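The values are calculated or read from the model by the stated rules, or taken from the named source; none is laboratory data. Remember, predicted model here, so these are calculated numbers, not experimental data. Cβ: placed from backbone, ideal geometry, glycine included. Neighbour counts: every protein chain shown.
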Amino acid sequence: MPVTSPSQRPLVAVIGGGPAGLMAAEQLARTGLRVALYDAMPSVGRKFLLAGVGGMNITHSEPAEAFAGRYREAAPWVGQWLQQLDGPALREWIHGLGIDTFVGSSGRVFPADMKAAPLLRAWLKRLRDSGVQLHTRHRWQGWDAQQHLLFTTPEGQQQVEAAAVVLALGGGSWARLGSDGSWVPLLRERGVAVRELLPANCGFTANWSEHLRQRFAGQPLKQVIASVTGCDGQQHQRRGECIVTADGLEGSLIYALSAPLRELIQQQGYAELQLDLAPDRSHSQLASLLAQPRKGQSLSSILRKRAGLDAVKSTLLHECLDKSQLADPEQLTGGIKGLTIRLLATRPLDEAISSAGGVMAQALDERLMLKAIPGVFCAGEMLDWEAPTGGYLLTACFASGLVAARGVIDWLGE
């Protein structure tokens with residue numbers, strides 16, 4: 001049987017050098033296919049590296065059913081990808097690169113040194129050793145009349161003929177790192193159903209007073225319980241910390257609730273977030289303490305000594321309650337245990353950690369191939385799903401890259 005030379009093997013183009021694209025390239029190269037990976041930036045994995053600056057949270061140790069539930073409406077779809085690469089399997093894959101991992105106290109999984117750069121270096125070496133060709137500063141511009149891929153490069157426009165394509169172009173957040181959503185019109189004009197890209201894991205704006213802006217912008221709001229009743233009537237609740245900004249709230253606690261908050265704003269123009277400012281004190285305990293005579297003490301002093309509230313929390317009470325409510329112990333207690341913050345808008349998409357929306361599930365087959373463009377597969381954050389931070393975003397990106405690559409192999413085999 002004659003041996004096919006490398007130059008005669010089908011070329012598969014992977015466009016996008018994030019986790020989904022790199023995983024797809026690795027799986028494709030393992031089969032002996034020629035693989036060329038293209039990225040618009042000067043180097044690959046830029047968003048991946050920046051996401052790891054504060055500690056590379058690669059996945060989560062949560063049980064499989066709860067893990068899949070983090071993807072909300074997309075849970076059945078993403079759950080199919082996780083059957084091929086879940087959290088434990090991803091950890092094993094990382095260990096195969098010579099990188100140890102550990103589970104933190106919150107259940108999040110990190111590389112032993114907490115850094116993304118060593119993992120990416122080891123991965124890129126493996127990809128190059130397997131024959132993957134990396135082409136940076138290649139910005140995809142769609143197709144020409146002969147259905148060749150079009151790229152703008154420092155050397156001018158280039159056309160590439162590929163037997164199959166994996167698009168892993170990211171969502172619409174962090175445009176400076178390459179995820180700018182410029183692919184949306186290119187797919188829509190080919191008849192692909194793409195849901196509008198919206199901020200996910202993002203901050204929100206509120207109408208603060210000038211006093212709060214000047215005194216407390218940038219201050220942490222520590223140990224509160226935040227809750228919101230979504231459009232579907234379901235209550236979502238988290239405990240943690242967030243940051244008071246000059247025009248609203250942001251931080252991990254807010255990011256965890258960003259999907260229902262965003263949907264409420266879309267539906268009615270605002271969202272009401274409830275904050276329990278004293279989660280370790282019961283309503284009755286607080287009511288009893290606040291009903292005691294003040295004996296000449298200021299309200300801020302009473303709130304600090306009896307309710308354990310710092311200056312940020314006290315200022316929020318003054319921001320959201322009127323004088324009569326602040327003066328009445330029962331109403332004041334109700335404000336502490338359930339302060340309503342009206343949020344008016346999301347922060348801009350480009351500031352968000354990730355984006356919601358993208359190529360809709362109905363536009364793809366089970367292999368993640370576009371029904372409107374046979375031979376073109378999609379993976380990663382450009383698909384219509386979202387997840388909270390905590391390793392869920394990265395895990396689904398890796399898994400979808402694997403699924404798309406296996407889809408290419410299956411389709412070429414046909």
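Identify all residues within segment 106-160 that are surrounded by 13 or more Cβ atoms within 10 Å (Cβ to Cβ), in contact with a Ser or Thr (Cβ under 8 Å, 6 or more places away or on another chain) and either part of a loop (DSSP other than H, G, I, E, B) or hydroxyl-bearing (Ser, Thr, Tyr) (or both); write none if there are none. Residues satisfying the conditions are 107, 136, 137, 138. Given the criterion touching a Gly at 6+ places or on another chain (Cβ under 7 Å), aliphatic (A, V, I, L, M) and modelled with pLDDT of 95 or more, identify the matching residue among 339, 402, 364, 368. Exactly one of 339, 402, 364, 368 is touching a Gly at 6+ places or on another chain (Cβ under 7 Å), aliphatic (A, V, I, L, M) and modelled with pLDDT of 95 or more, namely 368.
Each residue in segment 392-407 was checked for being out of contact with any Asp or Glu (no Cβ under 9 Å at 6 or more places or on another chain) and either part of a loop (DSSP other than H, G, I, E, B) or aromatic (Phe, Trp, Tyr) (or both), and 1 of them qualify.
Scanning segment 210-247 for residues being assigned to a helix (DSSP H, G or I) and touching a Gly at 6+ places or on another chain (Cβ under 6 Å) gives a total of 0.
Just one of the listed residues (333, 315) is crowded, with 23+ Cβ neighbours inside 10 Å, of a type in the set (Ser, Thr, Tyr) and outside the structural domain of residue 408 (by TED's automatic domain parsing), namely 333.
In segment 189-209, is there at least one residue being under 30 Å from residue 12 (Cβ atoms), of a type in the set (S, T, N, Q) and part of a loop (DSSP other than H, G, I, E, B)? Scanning segment 189-209 turns up no residue that is under 30 Å from residue 12 (Cβ atoms), of a type in the set (S, T, N, Q) and part of a loop (DSSP other than H, G, I, E, B). From the list 37, 33, 90, the lone residue that is under 23 Å from residue 136 (Cα atoms) and in contact with a helix residue (DSSP H, G or I) (Cβ under 7 Å, 6 or more places away or on another chain) is 37. Going through 291, 271 one at a time, which residue ends up being out of contact with any Ser or Thr (no Cβ under 6 Å at 6 or more places or on another chain) and under 30 Å from residue 172 (Cβ atoms)? When all the criteria are applied, what remains is 271.
Taken over segment 87-104, the residue count meeting the criterion of being within 21 Å of the chain's Cα centre (by Cα) and either part of a loop (DSSP other than H, G, I, E, B) or among the basic types (Lys, Arg) (or both) is 2.
For segment 61-98, a tally of residues being closer than 14 Å to residue 361 by Cα, surrounded by 18 or more Cβ atoms within 10 Å (Cβ to Cβ) and of a type in the set (A, V, I, L, M) returns 2.
Of all residues in segment 115-133, none that is within 18 Å of residue 391 (Cβ to Cβ) and outside the structural domain of residue 93 (by TED's automatic domain parsing) has its Cβ atom under 7 Å from the Cβ atom of a residue that is at pLDDT below 95 and part of a strand (DSSP E or B), 6 or more apart or on another chain.
Scanning segment 163-205 for residues that are surrounded by fewer than 20 Cβ atoms within 10 Å (Cβ to Cβ) and touching an Asp or Glu at 6+ places or on another chain (Cβ under 7 Å), we see that the one that is nearest to residue 400 (Cα to Cα) is 195.
A single entry from 384, 365 fulfils the requirement of being out of contact with any Phe, Trp or Tyr (no Cβ under 8 Å at 6 or more places or on another chain), buried (at least 20 other Cβ atoms within 10 Å of the Cβ) and closer than 28 Å to residue 84 by Cα: 384. Count of segment 232-260 residues, restricted to those that are closer than 15 Å to residue 346 by Cβ and surrounded by fewer than 16 Cβ atoms within 10 Å (Cβ to Cβ), is 0. Filtering segment 192-237 to residues that are farther than 20 Å from residue 388 by Cβ and without any contact (Cβ under 8 Å) to a residue 40 or more places away in the chain leaves 210, 213, 214, 217, 218, 233. Under the condition of being touching a strand residue (DSSP E or B) at 6+ places or on another chain (Cβ under 9 Å) and loosely packed, with under 13 Cβ neighbours inside 10 Å, which residue from segment 206-221 is nearest to residue 339 (Cα to Cα)? Here the answer is 207. Checked against the criteria, residue 366 counts as in a loop (DSSP other than H, G, I, E, B) and out of contact with any His (no Cβ under 6 Å at 6 or more places or on another chain). Go through (1) more than 21 Å from residue 169 (Cα to Cα); (2) surrounded by 14 or more Cβ atoms within 10 Å (Cβ to Cβ) for residue 49 and report which single condition fails. Here residue 49 meets the rest and fails (1).
Cβ-Cβ contacts under 8 Å between residues 6 or more apart (or on different chains), taken from a first residue in segment 284-302 that is without any contact (Cβ under 8 Å) to a residue 60 or more places away in the chain to a second residue that is among the small types (Gly, Ala, Ser), are listed as 286/278; 286/307; 289/307; 290/307; 299/314; 300/311; 300/314. Scanning segment 83-103 finds no residues that are of a type in the set (A, V, I, L, M) and closer than 30 Å to residue 154 by Cα.
Of the numbered criteria (1) in contact (Cβ under 8 Å) with a residue 60 or more places away in the chain; (2) touching a helix residue (DSSP H, G or I) at 6+ places or on another chain (Cβ under 7 Å); (3) not in a loop (DSSP other than H, G, I, E, B), the one residue 84 fails is (3). With the condition kept exactly as written, say whether any residue in segment 43-59 is part of a helix (DSSP H, G or I) and β-branched (Val, Ile, Thr). Checked against the condition, which is being part of a helix (DSSP H, G or I) and β-branched (Val, Ile, Thr), segment 43-59 yields no hits at all.
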